[in-house]
Every structure is written in C-alpha cells, then in structure tokens.
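So the structure is just underneath, and the comments pick up after that.
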Amino acid sequence: MNACALFFKMSATFLLLLFFSITVSAQTSAPQKKLDSLLAVNQKNQKTDSTKIKVLTEVYRQYMRMRNVEKAEEYLDKTIQLSHEKKLKKFSAMAYYRRALMYHGRSNYQKAEENYLNAVSEFSSIGNLDMVAGTYLNLGALYSTIPDYVKSLEVNQKAITIYEKMGNEVDMASCYTNISTIYQRLGDQSQALVYMKMALKVFSKEGENSRGVAVVYGLMGNNYFEASSHELMQMNVLPGQKIKLALEYYNKSLKVAEAINDVGIIATAKRDLAELYSSIGQKDAALKSYQKSIELSKNGDDKEAYASTLYALGNFYQRENDFENAISLLGSSLKIAEENKFLEIEKDASLGLSTVYEKQKDYNKSLAYYRQYIKVRDQIFNEDKEKEITRRKMQLDFNVKERDYLLKQKLTEAELKRQQQELILKRQQLALSDKEKALDLLTFQKAKADLDIQRLAQKGKFAKAKYQAQLTASVKDKQISKQNQQIKFDERIKIFLSIATFLILIIAVVIFLNQRKTTRLNKIISNQKKELEQLSKVKDRIFSVVSHDMRTPVNSLISFMQLLEGGNIEQEKLNRYASSLKNNLTYTSTMMENLLNWAASQMQGFNPYLESLDMEYLTGEVIHSLQDSADRKEISIKNLIAFQTYCKADENMLSLVIRNLVSNAIKFTPGGGSIEISSVDLGNQQEIKISDTGVGLNPVQLSHFNKAGYLGAGVSTLGTNKEKGTGLGLLLCRTFVGLMDGNINVSNNPAGGSCFTITLKK
C-alpha cells in the first residue's frame, strides 16, 4: 500500500467520499422502514418542484444503501429528468456523481466513467468548480485502478488547474502528491521527485511540523529506496548515496510524526526503516523497528497496514529461520487478509507459510498453503484481467466515438468542397465571354513566355548551385577522411592502452599471488618450526625419563643378583625383593613398549592396516589383560559396548590406545572406584567412551590435550597408590588415533574423573 493512500484526503471530501459511501452502502440498519417512509412522502407530493426532487434524491440514496441497483437507477433517472425540466442542475449533477460512485464501488468502471464525465459537465455548467475538481480526482482514482496512468495524470492535472484558480494550495499539494505516486508506479522516479518537492513546498507553509510534511518526507524516502541505479542517475544521485538519503528522509518523517503524535505515520515510518535496515543487514535495528510498527498499528483503523507489517516481520523471521515466530506472525497476517479481502497480502502470507513449513519438512502443510497461494494468485490474475478488459473496452468505445466524429467531419468537408467547386464553376461561366477568351489567350501566351525566361534563369542558377555543392562536398569528403584517420588512430591508442592496462593487471595479480604464496609458505615453516621445537622438548623429556627411570630398575636388578650370589637371604626378604623388582621391571617394560611404539610412529614406521573390528571383543581382551591390576585396587571395569559393534581401525594400534587409557584410569582411580567403556553410533562414525571415577584432569590439562597441535611433553604423575607412569601414554594415544584417521578428546566426567572419547569411522 502506498503512503498516499494511507495518509491523504485526496481532495476536500471527494475521493474519501468514494470509499466512505461504498462502506456506508453496505450498512443496512433499519433500511426498509426508512424507505417506506420516503416512498410514502413521495406518493403524497404530486408537485413537480424542488421539494419533489429532494424527496426523489433521498429515495435513490436509500436504495443505494440497500444495494438495490435497479431501483436506485429508476429513481436516479427520475431525479435527473425532473432536474433538467426545472433547470435545477445542482441536483442532476449530484445524481450523476453519486451514480458514478455506486458503479465505481461495484468495479463497473465503464458506467462509472460515463457518469463522472456527466457530473463534470453538469457541475461546470453551474460553476461549482470545487465539485468539478473533486470529480476529476475520483476519475484519477478510477483510471489508476484500471490502470490507465496517462488518463489518471490528465485528470489530476485538470484538478490542479482548478485548485490553482481557486487559490486552494493545500488540495493542490495533495494532487501533486497523487501525481508523484503515479510517476512512481510508471517507474519515473525523477519526475515523481519533482512533484514531491512541489507538494513539500506548499505543506511547509503550514509549518515544518505538519502532517503533509511528514507524509511527503516518507514518500521521498520510498522514492530513493526503491529507485534503480539508472533512476538515481536521472535524479543526479550516486548509487552509493541511495541508502543514506532514504534513511535521512525516513527519519525526518518519523521526527515530524512524533512531534505531532500521528500514530499512523509513525507506524509506517518505523516499518519503512525496518525494511531499509533489513536490506543492509542491520538485523537488530530492523527487528526493533518492525516490533514498534506492529505495536503502533495494532490498535489502529488501518487493518491493511497492520496486516502488511505483520507479514513483513514474519517474512524477516522466515529468512532468519526463526520458524516459530514466522508461523505466528504470517498466520496472523493471513487471517486479517482473509477477513478483509486483502488479496495481495493473503497471497504473500500463504507463500511465506508454505516456505516455512517446507524448511521444517512438513510437506503436507507446505502444500496446503501453496495451494491457497495459487488460488489467490489466480483470483488476482482474473481481477487484473477483468480490469484490462474494461480498460480496453473503454478505449474501444472512445475510439468508436472518435471514428464517428471523424467520419462526420469528412462528410461535411467533402460537401463543402463540392459546393465551393460548383460556385467557382458558376463564377467562371458568368465571367467568361468571347472577347475575354481572346484576351485571356494573349495573357496566357505572355505568361508562358515569362515562365520560359524564368525557367532559363533558374536553370543557370541551378547549374551554379550544383557546382558549388560539388565543391563543398569535395571539401567535406576530405574533412571526413581526415576525421576517419584520426578516429582510427584514437582506436589504436585505446587498444594499446587497454592491452597495457590488462598486462599491468596480470602482473599485479601475479605479484599478489606470489606474495600470498610466500606468506602461506612462511606460515607453514613457522608451524613446522613450532612442531619441531615441541618434538625436541618431547625428545629431551624422553631422554631424561630413560636416563632416570632405566637406572633404578637396572640397579635394583644388579643388587638382587648380588644378594642371590651371596646366598645369605631369607625367603621372606627374597619374595619381597622379587615383588618389588617385578613391579619395577613391569613399569620399565611398559615404558619401553610405549617409547618404541612412539618412536616408530614418528619415523613413519607404522602403516596402519584399517579393517572392520569387533569393538566388544577387542575391549574385552584389553580388560582381561588389565583385570589383575584393577582387582588389586578393587576397581570394577564395565564393558558396556553392545555385541557386534564394528569400526574401521588397526587392531594393534587400537588395542594399545584402549590399554593405555584403561591403565591410566586404573592408575588415577582410588580403590573401590569404577571404569566404564561404552560406544555411541553416530551414523558413519563410531564413538568409544572410556570414563572413570578417578581424580580427573585440571582445566589446564584438559585444554592442553584437546588443543589441535598437542604433542605432549612426557610429564608423568603418580597414581592414587603412588604408581609410576611413563609419561608417553597419552601422546601415543593421540598419535595412533590420528594415524587411523580418527579423533580423540577428553572431558570431565559428571560423576567425577575423566572421560576420553575416541571417534573412528565405521
């Protein structure tokens, strides 16, 4: 809906009277009683005077209110006939005008146009210029609806001429505004802006804070916002200034509307601002403006504006995939449109709901709303087709009348010409005599001689002019040849400059690509440097671990051998020393195994063989090998992996990873704790979780392990029973999972302890 239709009285009561009278005609409160009373008065009054005409006027108006077109026509004809007889054209003029309104409201544009034109003729004959101008404005609305914008502009211009003579600047400014909206629909934004500025100049005389000023500012904002790049250039506006100017005029309109507390204009300005903010990606500002516009227009009389704003915000939510709010708002907009026959809004809201439900994959509802969209669209198309047929019929009737007129003109002109020829012939017959014939012959011969002399003189002049023309043409040919050579030279220069520019661009692109490549290589080198530094730290730590931790078990083994050689050791001490030595050697064996495996992986000595593995069986084997360690600390290990759960992995690598993680869980879980191994099916992937109720990892350790470039540093901590570790277990797990094209991360267990998650392909 354009802003003019929202805010303006089109002229002193006339265009609004159109819609008001149509609405009133639908209300039939106690109609029959009033009609019976009027008919009784008409029956009693047998005099043919002005009183009779007034009664007939009230009768046909009552029939109009009751929508009885046939009876209304009967009494309209009686009113017009009696008015003409008594030469009281003010009644017949108003009868024509009201009959036009009746047919206009029923979309019978042909009869409406005919009666509007009769009303103009009658009002003109009695000098009622105010009503003439108002009728022209109604005709403008009719032509705009058909649409026939040329005729609409014509009658609006006629209304302006009358208002100008009357000195009625305010209604004249309203005409300027109406014409500007017509030019907008015709796509001539530049001409529309001219009429807007003319209207603004008039309205500004009432003061900056006036309703007319607020409306024109809003229309100017629309003009800039909806203009194409070509139209902006015609208005001497750069495309980059489009949003700035539209925002400026929308804010001006809003400021004036707030100053005069006009809720309707404020709501429209907020909606226009929301559309602008949405187009430039300022979603928060757009949302606030939409919500404010809805809040203001909710309790207003303009249901179409309210429904349009609900649709606009619903469509905004639909684009943002906020389906709940989108469905609510679009549904409300559709309901109002259906109740009030707003076909365009009903069509848009139906399509919007169909799109939302399609995104939600609710195809039944999406199809239902799409069917409603198609139905309303076809209805709109049929109405537009009827309007076009009416417009063409009106144009055809006009052309027929015009042809009849031209035919009569031709017949009249032919008759006059024939009569003139007869008169000339009679005059010649009366004027000529035998003597005059002889004189005429001599005169003719003399005139012929004079013509021969003039012909010879003209021939000489023609030859001279021809020679001069040839000379001039030769000079011009030389000039043209020179200009063509200059044009060719300019074209060669342009081609050379174009090639040079293209080569410069290619060189610039090559330089840019080389610089980007160099930057990328530098980044790779920097990352490799950091990785080498971290690997160096790991290597140093490994040497430190080996140099320190290997010494103790070896020395213990030497001491034990010396005791055995001496033979002087009790059996109890022997058992205790043997147990201690076994623990040390077990730790050393685990450390060496992890160390060798890690070293092999770093030297690319491990090429994983990926196959489909039964996770339940493999995990059971690992648990069985570690059951003694768990039993010593009274820790329960639960294998919750379902039977025949498969994933793609290297059997040895995955066994080592799970064994290290379960061993760590036993190490850091106090006596009486529990360890659970479970799996989750993720479609194309399988997730393995190893969780315990131990001491867990601190936030720094969690962040360090989950970091993308984690290499570890070989740092080992003692277990809950002072168990030693190698410091390489987690590093080895991370490396092997990566070789198997998987992923591993750790998080805190809600029940306490840690939860390691391994993700592998199926």
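The table for this structure:
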{"quantity": "Förster radius 45 Å - calculated FRET efficiency between residue 532 and residue 698 (Cβ-Cβ, nearest 0.05)", "calculated": "0.95"}
{"quantity": "Highest average packing first - 663-676, 630-643, Cβ atoms within 10 Å", "calculated": "663-676, 630-643"}
{"quantity": "Whole-Hz couplings from phi, Karplus 6.51/-1.76/1.60, listed for the stretch 131-148; x for Gly and Pro", "calculated": "6, 4, 5, x, 5, 4, 5, 5, 4, x, 5, 4, 5, 5, 6, 4, x, 9"}
{"quantity": "Distance between modelled label sites at residue 234 and residue 762, nm, 7 Å Cα→Cβ extension", "calculated": "6.3 nm"}
{"quantity": "Shape of the stretch 606-761, Cα gyration tensor, a/c cut at 1.5", "calculated": "oblate"}
{"quantity": "When the stretch 266-388 is reduced to its Cα atoms, the Kirkwood hydrodynamic radius in Å", "calculated": "14.7 Å"}
{"quantity": "693, 51 arranged by Cβ crowding within 10 Å, fewest neighbours leading", "calculated": "51, 693"}
{"quantity": "Cα gyration tensor shape for the stretch 187-301, rounded if a/c is under 1.5, else prolate or oblate", "calculated": "oblate"}
{"quantity": "Computed Rg/Rh of the stretch 194-237, alpha carbon atoms with Kirkwood Rh", "calculated": "1.06"}
{"quantity": "Cα centroid separation - the stretch 234-276 against the stretch 487-511, whole Å", "calculated": "45 Å"}
{"quantity": "Taking 621, 113, 344 and counting other C-beta atoms within 10 Å, the order from fewest to most", "calculated": "621, 344, 113"}
{"quantity": "Residue 42 versus residue 475: modelled label distance in nm, points set 7 Å from Cα along the beta carbon direction", "calculated": "8.7 nm"}
{"quantity": "Fully extended contour minus Cα-Cα distance, from residue 575 to residue 517, at 0.36 nm per residue", "calculated": "14.2 nm"}
{"quantity": "Residues whose placed amide H lies under 5 Å from that of residue 650, excluding near-sequence neighbours", "calculated": "611"}
{"quantity": "Residue 508 paired with residue 261, simple spin-label distance in nm, labels 7 Å along Cα-to-beta-carbon", "calculated": "6.0 nm"}
{"quantity": "³J(HN,Hα), Karplus 6.51/-1.76/1.60, whole Hz, each residue of the stretch 197-204, x for Gly, Pro", "calculated": "5, 5, 5, 4, 4, 6, 5, 5"}
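Quick note: the coordinates plus some simple rules give every number you see, no bench work behind them. Owing to the predicted nature of the structure, the values given are computational and were not obtained by experimental measurement. Every residue, glycine among them, receives a Cβ derived from its backbone with ideal geometry; neighbour counts consider all protein chains shown.
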